[in-house]
Every structure is written in structure tokens, then in C-alpha cells.
Ligand SMILES: C[S@@+](CC[C@H](N)C(=O)[O-])C[C@H]1O[C@@H](n2cnc3c(N)ncnc32)[C@H](O)[C@@H]1O
């Protein structure tokens, strides 16, 4: 058996693959089931637009806004709508480091039709801007930064390091030239040791199951981990009184320093992350990060940001949402106490997305059509219109109606999502196509799926859905090309048995 080599989490293959997975852009959100509904909801957009409006009123000027790691661009679209409703004057730059996402932003009506909203390809680790900005929006971006996992116990500091080995019996299969190829352990190791070409990115959705992962704790020194001295300063103040597990990333300070190079005198960063306000919030290293498929999320230690801010003469404010692993943090150069108190008021409410999440669960649990209708009625009586426009809420209702074979209702709710998110709402496209097929509208289903494929050609399930439509239409040429495209792009759970059908066509 190979000997175990433990590396820091930030240097591990797990973080490397997680980062690579984002290269897949929109597909990644759906293939790895990355939650985005609450962070790109009207509810959160309204909250941020209120904060920006407060800031703009305080400065009494138009505000330059940059959103980093904007993901599917939906938050930006909603935030600019909310700002316009509030008569706030602004310029908004939507940025991402994935080219396909930026190309998509450029197709959004808000970007095409207004000269104060623009899109730009930008890596937060290395960027230049033409203009200084006042407001930086970073939603679930800092929690993708590479971290070390640290534990402090009776005055000592430890690091949890990880060993990742490819299992002896691991295999990964894929199709090339209509032939099934299977890699074993040594070929998987070679694949992992080299840069991943674009056409092999789909394999990431299946590679995790090949790993044997183990963790071990090693003693360490705060000063070796953080050259700025922030970690050491915090450690000296806390380590003797408490025990706990937390994360640390050198990238946090590098990103903050770099953002500060591009700001106006008066600025504000709005952070929303999987984050903790205390060093002893977690007691086990496993709680300090989360995972969606191959994508990892690491807790952001907001309590260390307080130290960063006090060293740099900045203010740090944060929410303390109860029963939530997610918190909002504000970093600002504005010292005005009234402004800060008004900002803090925004945190005295429930976390955005919480209410709608509770009602979504209720709807998901409905075991009859009557129970489902009653839960929907109940939710509509309580939730605001912004909350009722939540993606997962609407999608869950559509899924329930599908279960109860009410296909017209399925289509009604999915059309609400499609009107908002367009055909980039990939699972809404798939479910609507299935409902259309059930109702016999095959041509409409085909048109819908083909429009989605044109925008997002690398989502395997769209090709599979097109194959099903083609089969019902008896269009064998479309069935063949759809299955070929399916196997070229296949992500999780490949349907290898369909390979035989290609051979028969
Ligand atoms: C968890 S998603 C959050 C997306 C969006 N802000 C949201 O809340 O739904 C993280 C996003 O950060 C982007 N990203 C990752 N590394 C980045 C980097 N170095 N610079 C800019 N964006 C990055 C990814 O492409 C991905 O869209």
C-alpha cells in the first residue's frame, strides 16, 4: 500500500480539482448542485441594494459598483433592477473569471441595453480596473479561497492536513470515438498530475469516488502560517481561554489588499459567505468546510477580518444570523457612527432565504395533491413577492406538480423561472421539456432544449433529453447525434447502456 503523505488543505488535490471545476461555468452549478437560489434571490438583492442606497445617500453621489465572481449573473440583474427602483445612481461592473459566464452576462438585456452596466472577465487574484470603485460585492467567493484548517487547544496550535490516494480498484470510464475507455489507478493518477484539458473536465463529476481521503493533525506555529502577524495576534488573545477549529487563508489578505488598491476614498465591501464570527464556532475539522460534488467551500473566519480591519484603519461589521452557517460581513472606510448603526440595522432581520426555505421544505414534504396545494396557499399568504420568486421554491413546486401529474401547473411555475433566469436555468428547462413531452408538445420541447444547448453546449442532460424527444419523434438522426453529444459531455451517472443504441442506429 502507498504511504500516506499529508498536505495542507490549500495545497491538496481536493482544492485543486474544486477550483478546476469552476472552469465549467454554468454547468458546474447544476452538475454539482451548487446552491445559488438565496444568494441570487430578489430578497438578497433588495437587501444589498438598500445598503448601497444608504451608502450612496451618505456620500451624496453616484456609486461605482464591482461584483466579483458573479456566477450566473442573476444577482447582478436583480440588484440593478432594485437599485433603479430605489432611484440610486450607479455604475455596475459584473465580473467573473470564467469566459463562458462573461459571454453570457453580455447577452443579458440589462447589460446590452444600458451603458452604466458592463461585464468583464476578471480574476480576483490578479486584476486591473479603469476606474476606482465604491462598492465591492463578493458573494460566496471568499469561501472558495484555499484554506488551512487549524485547531487550537490548551494554548497549542495544530493544522489538519489531508492525504488523498487513488483507491487500488478505482476506475473511470469515458467515451472517445464512440468507444468506451476505462482508466485504472495509474491512468487516473497520470490524469490528476497534469493540467486538465477542457474536454476532460466532465470527468471531475466522477473522480471524487476514486479517492481514499484521510486527515491527521500536526502541531504548527501561527507565525509560519500568516506572515502578516494577524493570526498570531488573534491567537495570543484567544488561544489560552478557548478550544476550537477554524480556517485560515493567505488569499484573504492578498485579495483584500488588492481590492483596496482599486477603491475610492470612501468604500464598502459586502461579503456573504459560509463564515464564522468566533474561533471556537466549530469543534471538529469536518465542520469547517462543506462540499457540493467536487466543489469545496471553506468557512471564512470573519473574526480574523476584524483584526485585518483594525490594522488597516477600517471598520468591520457582521451579521450574527442564528442557526445559520452563513453570515454577511461589511468592510468599510467610513467611520461615521450613524452610517454604521444604520448599516447594522440591516442585520437585525432573518437571514435572506430562510423563510422561503422553510416553506419550500413544507411543500417538498407534501404527500398528496391536496396537501401540496394547501402548503402552497399557506406559503403565498405569508411570503413576500420577492420571496415567492425564489428559484428553489418555484422549482420545488413544479417538481411536486410533476409528481402529481399536473403538467400545466408544472409548465406555469417553470415559465416563471424561465422568464427570470432564461434558458440558463438548466434544470427548469429539463423539467419543462419532460412536462411538454407528457402533454404531447414534442416540437416545443425540442425547440426549448435546443435553445438551451445553443447557450450551454456542455450540459450532458440536455443532450440526453433531446435524445428522448428525438425517440418520441422517430427522428433517428437527431437521436444518434444527441446520444453522441451526451457521451462527449457526460458528467455524473453515465448511462453506458445507451451506447448500444448508437451502434444500432
Ligand atoms: C460559489 S460561486 C458564487 C457565485 C455567485 N456569486 C453566487 O453567489 O451565486 C463562486 C464563483 O466564483 C467564481 N470564481 C472562482 N474563482 C474566482 C477568481 N479567482 N476570480 C473571480 N471569480 C472566481 C466561480 O467561477 C464561481 O462562479
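Every number in this text was worked out from the coordinates using simple rules, so none of it is lab data. This is a predicted model, so every value here is computed, not measured. Please note: Cβ atoms are built from the backbone with ideal geometry, for glycine as well, and neighbour counts cover all protein chains shown.
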I'd like to compare 475-485, 31-41: which one has the highest average count of other Cβ atoms within 10 Å, and what's the full order after that? 31-41, 475-485
Counting each DSSP H run of 4 or more residues in the chain as -39500 (n - 2.57), what helix-only mean residue ellipticity at 222 nm follows after dividing by all residues, to the nearest 500 deg cm²/dmol? -14000 deg cm²/dmol
Quote to one decimal, in nm, the extra length available between residue 261 and residue 129 on full extension: 0.36 nm per residue of separation minus the C-alpha distance between them. 46.5 nm
Spin-label model distance (nm) - residue 500 vs residue 278, 7 Å beyond Cα toward Cβ: 5.9
Compactness summary of the chain: radius of gyration and Dmax from Cα atoms, Å, are 24.2, 74
Using alpha-carbon positions, what is the distance between the centroids of segment 431-505 and segment 258-315, in Å? 42
Protection-proxy order for peptides 199-210, 282-293, each taking the mean of Cβ atoms within 10 Å per residue, highest first: 199-210, 282-293
Over what distance in Å are the Cα centres of segment 58-103 and segment 368-421 separated? 28
So what is the relative contact order of the chain, in percent, for Cα pairs below 8 Å that sit 6 or more residues apart? 15
Output ordering of 424-430, 103-109 (per-residue mean of other Cβ within 10 Å, highest first) is 424-430, 103-109
